[in-house]
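Please read the structure below before turning to the comments.
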Amino acid sequence: MRPLHWLLFCISLLLGGQSLAQDLEDENPIPPAPANLVLDEARVFARDPQRLAVVSETLGILEDRHGYRLYLATYSTLIGRSLKDQAALLEAKWLAGQPGMVLVLEVDSYKFQFGQAPPLKDEIEPGKVIERIRPTDFSFVELEHIISELDAPLKAATADRAAFAETLSTGLAAKLSITLDQRAAAPVGNTRGRMVILAIGLLAVTGLLALLAVAGLKRAEARSRDRLVFPKAAVGIRLGAPYGGGKVSSRHFGK
């Protein structure tokens, strides 16, 4: 960590909560996008240029094949700015909404974060906005699945920071390439067709439920109108009464 960073941190504490993030941004502004797609502020590849060449080549192949640019940015420790904020700042300056992603790695903690462009927003009517996902965007679920598949090799590489950075970046690039290949191989209009079928199915289910509800209400209304009465029965005179009603039995017990 640079001594100047520690100095700024101490000054911010003494001044009672000044914005350290603003100080660091002024002292260390966002650099331009690296031509080799790797910003190695942590200098993890300083003694291993061959690893750096492998990472840069792998990221370049992903861009050449899919037009998808993946950057790797390594830092020893971020102070006053979270991984998420740093990834968002780098993505905004380096990609500016173009297809791609920025992978920010904090090597001291082995934590990393992805930076992607926010979804496009379309206003369908005044006051109502919907988000539109790009074909090259990756959801949180997809990224979590990719990282879970890289869990074992990443754990094996934690003893060497350079190996960890290489495994993470090249593994991510390979998984992203596979996913983009699968999307490109999908039939044109397949997604639209699935959406139409799903919409028709939902409408059919909704209509069926509505019919069942109406039928149930009609049956309940019909039952509420029913009148239950005892049937008329012809009964002869019994014991002097005009209507004996049912059966009469007697029992006699001796002494």
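Figures for the structure shown
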item: Whichever residue in segment 146-176 is in contact (Cβ under 8 Å) with a residue 40 or more places away in the chain and open to solvent by 20 Å² or more (accessible area, probe 1.4 Å) and, among such residues, is farthest from residue 69 (Cα to Cα); result: 158
item: Count of residues meeting criterion [closer than 24 Å to residue 160 by Cβ and open to solvent by 20 Å² or more (accessible area, probe 1.4 Å)] in segment 66-119; result: 13
item: Output for segment 74-103, where each listed residue is farther than 16 Å from residue 176 by Cβ and outside any helix (DSSP H, G or I); result: 74, 75, 76, 77, 78, 79, 80, 81, 82, 96, 97
item: Counted residues, segment 123-145 - those being assigned to a helix (DSSP H, G or I) and touching a helix residue (DSSP H, G or I) at 6+ places or on another chain (Cβ under 8 Å); result: 1
item: Selection count where residues are part of a helix (DSSP H, G or I), buried (at least 16 other Cβ atoms within 10 Å of the Cβ) and in contact (Cβ under 8 Å) with a residue 60 or more places away in the chain, scope segment 27-65; result: 5
item: Some residue of segment 134-145 being open to solvent by 50 Å² or more (accessible area, probe 1.4 Å), under 21 Å from the mean Cα position of the chain (by Cα) and farther than 26 Å from residue 182 by Cα; result: no
item: Residue match in segment 115-127 (condition: within 20 Å of residue 174 (Cα to Cα) and free of Cβ contacts under 8 Å to residues at least 40 places away in the same chain); result: yes
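The values are calculated or read from the model by the stated rules, or taken from the named source; none is laboratory data. Remember, it's a predicted structure, so these values are computed and weren't measured experimentally. No Cβ is skipped: glycine too gets one built from the backbone with ideal geometry, and neighbour counts run over all protein chains shown. With ligands, DNA and RNA removed, areas are computed over all heavy atoms of the protein, side chains included. Shrake-Rupley method; radii C 1.70, N 1.55, O 1.52, S 1.80 Å.
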